[in-house]
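The structure that follows is given in the form of structure tokens.
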Amino acid sequence: MTTSDWGDWLPRAINAADPDGVAVWYLGCNGFVLKGSEGTTLFVDPYLGTGDPPRTVRMIPVPFDPEDVAAADAVFATHEHSDHVHGESQAPILERTGAPFVAPDASLAAAREDQTWEDRWDIDAEQFREVAEGDVLEIGGFTVHVVEVNDPDAEHPVGYVFEHDAGTVFHPGDSRPADSFPELGREFDIDLGILAFGTAGMIPDKETREPKYTQWYSDEGQVAQAANALGLDRLLPSHWDMWKGLTADPTALHEHVASFDYPRHLEVAEIGDRVDLPDEPTTR
């Protein structure tokens, strides 16, 4: 586990925050923290590892140590990949806070392979909560809907719609455009939608280590397609900062979404940044 060179300022800022509605912090990669006005604090896909160099090389800082997290009401995983289910990043949060780990079946299986999280950390089996598409959870001030997404590289991916009195946030993991998105856009008034964005590149194969053409995230056109289908008010691209060879420029999305009805605004956040609901977005 790599120690953060940022110290504990980010978890301290999250713990001290008293948002009027919902505050959302970008943790880099596809990690986020949501905190509601009543204090409910939710982590989604927090990842503090460095990848698997030279195959996957982290390009951004590790923003905090998980042992510095003082409060969490739940930790969510969208799918089983190691930058979304990672014991060293997530288990200490569960151990320190007693929060449940909310995830689909393949993600829970990944957490229990080889040395299980329960063997390595003081975590109860009851903290592992399996969910599937169609489930609805009530956690503090949030109603969380588990929804269908489209990540062709994952065994069982899901997305989460976080409803709060102040607004609605959608996190679909690393999903590409999905057949479910138009219906989700009609069912939910999504104020802030998070979409994984990146380039394609030549990345060493996991088995052979030979360079292989790789695309893990949506390109500009796919992000525009997904955002429009979902009817997003604000689009926040993620994951563009993370892996060497797959990074991208999120400001380039401005031209790609300009002619569509949605998203109405492009919200570019860097690791450690906070955005708020409700609030006037900053860019388009």
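The values are calculated or read from the model by the stated rules, or taken from the named source; none is laboratory data. Remember, it's a predicted structure, so these values are computed and weren't measured experimentally. Every residue, glycine among them, receives a Cβ derived from its backbone with ideal geometry; neighbour counts consider all protein chains shown.
Take the residues of region 1-51 that are of a type in the set (Asp, Glu) and at pLDDT 95 or above: which is surrounded by the fewest Cβ atoms within 10 Å (Cβ to Cβ)?
Restricting to residues being of a type in the set (Asp, Glu) and at pLDDT 95 or above, the top hit is ASP18.
Tell me which of these LEU195 doesn't satisfy, since it passes every other one: (1) touching a helix residue (DSSP H, G or I) at 6+ places or on another chain (Cβ under 7 Å); (2) surrounded by 24 or more Cβ atoms within 10 Å (Cβ to Cβ); (3) farther than 20 Å from LEU42 by Cβ; (4) not aromatic (Phe, Trp, Tyr).
Going through (1) touching a helix residue (DSSP H, G or I) at 6+ places or on another chain (Cβ under 7 Å); (2) surrounded by 24 or more Cβ atoms within 10 Å (Cβ to Cβ); (3) farther than 20 Å from LEU42 by Cβ; (4) not aromatic (Phe, Trp, Tyr) one by one, LEU195 breaks only (3).
Is there a residue being touching a His at 6+ places or on another chain (Cβ under 8 Å), crowded, with 19+ Cβ neighbours inside 10 Å and in a loop (DSSP other than H, G, I, E, B) anywhere in region 143-150?
No, region 143-150 contains no residue that is touching a His at 6+ places or on another chain (Cβ under 8 Å), crowded, with 19+ Cβ neighbours inside 10 Å and in a loop (DSSP other than H, G, I, E, B).
Moving to a separate point now. Based on what the data block shows, is GLY185 surrounded by fewer than 22 Cβ atoms within 10 Å (Cβ to Cβ), touching a residue at least 24 places away in the same chain (Cβ under 8 Å), of a type in the set (Gly, Ala, Ser) and in contact with a strand residue (DSSP E or B) (Cβ under 6 Å, 6 or more places away or on another chain)?
Taking the combined requirement at face value, the residue does not satisfy it.
Kindly establish whether SER82 is in contact (Cβ under 8 Å) with a residue 40 or more places away in the chain, in contact with a Gly (Cβ under 8 Å, 6 or more places away or on another chain), farther than 25 Å from PHE188 by Cα and among the small types (Gly, Ala, Ser).
Judged against the criteria, SER82 is not a match.
Step by step: first the residues of region 263-278, then only those that are surrounded by fewer than 20 Cβ atoms within 10 Å (Cβ to Cβ) and without any contact (Cβ under 8 Å) to a residue 60 or more places away in the chain, then the one that is nearest to ILE14 (Cα to Cα). Which residue is that?
Looking at residues that are surrounded by fewer than 20 Cβ atoms within 10 Å (Cβ to Cβ) and without any contact (Cβ under 8 Å) to a residue 60 or more places away in the chain, I get VAL268.
I'd like to check something: does region 18-38 contain any residue that is touching an Asp or Glu at 6+ places or on another chain (Cβ under 7 Å) and free of Cβ contacts under 8 Å to residues at least 24 places away in the same chain?
There is at least one residue in region 18-38 that is touching an Asp or Glu at 6+ places or on another chain (Cβ under 7 Å) and free of Cβ contacts under 8 Å to residues at least 24 places away in the same chain.
Go through the residues of region 192-203 one by one and say whether even a single one is of a type in the set (S, T, N, Q) and more than 30 Å from ARG12 (Cβ to Cβ).
Yes, the conditions are met somewhere in region 192-203.
Okay, moving on. Look through ASP68, ASP73 and report the one residue that is acidic (Asp, Glu), touching a Lys or Arg at 6+ places or on another chain (Cβ under 8 Å) and surrounded by 15 or more Cβ atoms within 10 Å (Cβ to Cβ).
Unique residue meeting the criteria: ASP68.
ASP119 versus (1) part of a helix (DSSP H, G or I); (2) modelled with pLDDT of 95 or more: which is the lone unmet condition?
Answer for ASP119: the failing condition is (2).
Among the residues of region 11-21, are any outside any loop (DSSP other than H, G, I, E, B) and closer than 20 Å to HIS145 by Cβ?
Looking through region 11-21, none of the residues is outside any loop (DSSP other than H, G, I, E, B) and closer than 20 Å to HIS145 by Cβ.
Kindly indicate whether VAL62 is over 24 Å from ASP273 (Cα atoms), of a type in the set (A, V, I, L, M) and buried (at least 19 other Cβ atoms within 10 Å of the Cβ).
Judged against the criteria, VAL62 is not a match.
Name every residue in region 22-32 that is out of contact with any Lys or Arg (no Cβ under 9 Å at 6 or more places or on another chain) and either aliphatic (A, V, I, L, M) or part of a loop (DSSP other than H, G, I, E, B) (or both), in order of residue number.
LEU27, ASN30, GLY31
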